[in-house]
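FYI, it's all coordinate maths here, none of it is from the lab. None of the values given here were measured: they were computed from a predicted structure. When we count neighbours, we look across all protein chains shown, and the Cβ atoms used for this are built from the backbone with ideal geometry, even at glycine.
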Amino acid sequence: MNNFVITPSRLIIARQRLGMTLVDLAAASGISRRSLSYYEKGGASISRDSLQRLSVTLDVPESFFYRGDIEVIPVEAVSFRKLSKASARQRNMVLAEATLGVEFYELLSQNFLLPSSNIPTFDKVDPELAADMVRKRWGLSDRPISNMMHLIESKGVRVLSLNPSAKDIDAFCLTRDDTSYMFMNTSKTGERQRFDIAHELGHLVLHGGSDMSPADSREREQQANKFASEFLMPRSRILAQQLDNPTLERIFAAKRYWKVSALAMTHRLHAIGLLTDARYRACCIELADKGFRFDEPDGIVHESSSLLKQTIYGRGKRVSFADAGQALSLHMHEVKTYAAGLVPMLA
C-alpha cells in the first residue's frame, strides 16, 4: 500500500475551519486520534485510504493537503468582537477560514491590480478626532457616506463574508502583509452592516499597529464604537440639524438621512447631548416595542462588494468561483462562502 506525505498545517486548518477537534475528526473519519496527531505534527506518512477518508470528512480535495505550508492567523492579530463570548473552538474556526480567505484574495491580487492600502494610523488620537481626520484625509465632507463598502474597498481593504455558524463573533478585521481585511456578518441589516464596517475601520485606524490583547478588548471596542459613530454621523453636521429632543418621527428621518439604524441614531443624539437621559430611555423602549432592537423595518438595501463583482463576474478577464476553487484546491461551494451576501450567487 502506498503512503503519502501531506502538509501538517493544511490538515490542521482543514479541521479547525469546521470547528472540529482531533477527537471529533477521529470519530467522523474512523482514523485514530493518535494517528491524526502524528499527521498534524508531521511525524508520519499517510495511507491512500486514510487520505481519502480525510478528504471526504473534511470536505476538501486530496490536493489541498499537498499545497504549501500555511500559517494560521494568530488571535492577537484580529479585532474580534464579543471576544469573551466566543469559545476557543469558534475562534479557531473563523481564524482558519480567515486564513483561507486571505489566500483567496492573494489569488485575486495575482490576476488583478487591486487598490493598495490607504488606511491611516492614528493610535494616539481621541477616537472621534481620528474619525474626523480620516474623513478629511479622504476628502469626505460632513455629509452621509453613500456606500461604506465601496469606500473602504477603494482604500485597499479586502472584504469577505463571515461564516454565520460563528454566531458569537461579529465582524472582525486584521492586517496581514500590509493589507487589511474585513470579515462581515452579512445576515445583519444594511444599516448595522454599515456600522460594522465603520467600527472595524476604527480598529484599523486606532489599533492597526498593536496586538489585539484580550485584556483590553472592552476598551478597544468602546473606542471603535466612538470612531464609527463620529465617522458615520459627524458631530458638526448633527448639531447643525437642530435635533434637540426630537420626536421619534424626526429620529426616523435622521436615521434614513445618515443610513444608520434607529437605535444608533438615538444613541448618537444622546451621546452628543441632544437627548436627555429620560427621553433617551423612552425612545429606546419605544423603538424596541416597534421591532427596532434586532431588525430595521423598511431598512436600506445591503451594500455589495464592487471589488468581488468585478473580479468574479466582470467582462473580459475574471476569476470565477470554479477557477478559484481549482487554484486553491478547494471545492467551489466553499469558495462561494467567502463572497456570500456580498455578490450575487450566480450559477
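Below are the figures for this structure:
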item	result
For H333, H207, H199, H150, order by how many other beta-carbon atoms lie within 10 Å, fewest first	H333, H150, H207, H199
Highest average packing first - 96-107, 15-26, 132-143, 297-308, Cβ atoms within 10 Å	96-107, 15-26, 297-308, 132-143
Packing-based exposure ordering (other Cβ within 10 Å, fewest first) of C283, C173	C283, C173
The chain: angle of helix 48-58 to the longest principal axis, Cα-based, in degrees nearest 10	10
Three-way shape label, segment 3-70, alpha-carbon gyration tensor, a/c 1.5	rounded
For I46, distant residues with modelled amide H under 5 Å away	F4, V5, I6
Estimated vicinal HN-Hα couplings, Hz - segment 192-206 in sequence order (Karplus 6.51, -1.76, 1.60; Gly, Pro = x)	5, 5, 4, 5, 4, 4, 5, 5, 5, 4, x, 4, 4, 6, 8
Crossing angle, helix 248-258 versus the chain [Cα axis fit, 0-90 degrees, rounded to tens]	60
Global geometry of the chain, whether rounded, prolate or oblate, following the gyration tensor of its Cα atoms and the 1.5 cut on a/c	prolate
Per-residue Cβ neighbour rank within 10 angstrom, fewest leading, T175, T311, T189	T189, T175, T311
Using alpha-carbon coordinates, inclination of helix 88-111 to the longest axis of the chain, degrees	90
Relative packing of 61-72, 229-240, which averages over residues the other C-beta atoms within 10 Å, highest first	229-240, 61-72
Segment 203-347: C-alpha gyration tensor shape, a/c 1.5 cut-off, then a/b vs b/c	prolate
